[in-house]
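So the structure is just underneath, and the comments pick up after that.
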Amino acid sequence: TPSSPSFVVTAAPNSWEVAKTYLVFGIQHIWQGKDHLLFVACLILIAGTWRRILITITGFTIAHSITLSFAALELIRIPVPPIEAIIALSIVFLAREIVLDRRDSLTWRYPIAVSASFGLLHGFGFASALGEIGLPQTEVPAALLSFNLGVEIGQIIFVGVIIAFVWFVNLAVKQMKGLRNVKFEPADWLSHIEKPLAYAVGGVTTMWTVERVTAFWI
């Protein structure tokens, strides 16, 4: 700028600068990743209670952190297009489970099993985004850890926004009905909207799945 006509580019950023940069990259990626956010939203609908939501999201976090690290360090290499297609298909699967509402299925009884299994695949999706950004060769551990932490922060904020919205609406409904002392669980209010949401999410992600599969031959 006219007031500051020069800028010095450092030869190599220090660990703190790398950590800040890749933390922001991680948050931006999860917020821009509509498929990952829809998957998390479906997990919340299936889990229902505070305890089950915590366990389910924790399983998803641990699983995708493992494959993200392995893929980013090139210990495992898997083609990106099939992974992207399966990620979209995983959301279709959850949407179908919500629509069927079979509470005795494995998905409803043990949502952590589904979140952890598909979380391994989602980790490869995160790794492909990190691969496009690249890792600084002098600060690989700091960059990888910070990116992963950024993804988790973005995910936690997203879950918090959903739960806060549901809590607010549920509180308003209870006040109108005079049920202020009734214990609140997310499933209390989500049960009224979960099927319409599941149909909408399932329709969109089915289209994504078809698009991503057809991209194999384009």
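The values are calculated or read from the model by the stated rules, or taken from the named source; none is laboratory data. Quick caveat: nothing in here was measured; it's all calculated off a predicted structure. As a convention, Cβ positions derive from the backbone with ideal geometry for all residues, glycine included, and neighbour counts pool all protein chains shown. We work out accessible area using only protein heavy atoms, side chains counted, and drop any ligands, DNA or RNA first. Shrake-Rupley method; radii C 1.70, N 1.55, O 1.52, S 1.80 Å.
Figures for the structure shown
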| item | result |
| --- | --- |
| Single unsatisfied condition, GLY59 versus (1) of a type outside the set (D, E, K, R); (2) open to solvent by 20 Å² or more (accessible area, probe 1.4 Å); (3) at pLDDT 90 or above | (2) |
| Meets criteria (out of contact with any strand residue (DSSP E or B) (no Cβ under 9 Å at 6 or more places or on another chain), in a helix (DSSP H, G or I), open to solvent by less than 50 Å² (accessible area, probe 1.4 Å) and over 16 Å from GLU152 (Cα atoms)) for ILE112 | no |
| Some residue of the range 63-77 being closer than 19 Å to ILE193 by Cβ and either buried (at least 20 other Cβ atoms within 10 Å of the Cβ) or not aliphatic (A, V, I, L, M) (or both) | no |
| Number of positions in the range 15-55 that are open to solvent by 60 Å² or more (accessible area, probe 1.4 Å), farther than 17 Å from TRP108 by Cβ and of a type in the set (Val, Ile, Thr) | 2 |
| Test: residue in the range 79-93 that is of a type in the set (D, E, K, R) and either over 17 Å from the mean Cα position of the chain (by Cα) or part of a loop (DSSP other than H, G, I, E, B) (or both) | no |
| Residue in the range 84-96 that is surrounded by 20 or more Cβ atoms within 10 Å (Cβ to Cβ) and at pLDDT below 90 present | no |
| Any chance ALA12 is in contact (Cβ under 8 Å) with a residue 24 or more places away in the chain, open to solvent by less than 80 Å² (accessible area, probe 1.4 Å) and under 11 Å from the mean Cα position of the chain (by Cα) | no |
| The lone exception for THR107 - which of (1) modelled with pLDDT under 90; (2) within 27 Å of ILE46 (Cβ to Cβ); (3) out of contact with any helix residue (DSSP H, G or I) (no Cβ under 6 Å at 6 or more places or on another chain) it fails | (3) |
| Selection from the range 38-77 of residues that are among the β-branched types (Val, Ile, Thr) and over 23 Å from TYR22 (Cα atoms) | ILE44, ILE46, THR49, ILE53, ILE55, THR56 |
| Subset of the range 94-151 [out of contact with any Gly (no Cβ under 6 Å at 6 or more places or on another chain), under 22 Å from ALA200 (Cβ atoms) and among the aliphatic types (A, V, I, L, M)] | LEU94, ILE98, VAL99, LEU100, VAL114 |
| Every pair of residues 6+ apart whose Cβ atoms lie under 6 Å, when the first sits in the range 194-218 and is open to solvent by 50 Å² or more (accessible area, probe 1.4 Å) while the second is in a helix (DSSP H, G or I) and of a type in the set (D, E, K, R) | ARG212/GLU84 |
| Per-region count, the range 128-161, residues assigned to a helix (DSSP H, G or I) and open to solvent by 10 Å² or more (accessible area, probe 1.4 Å) | 21 |
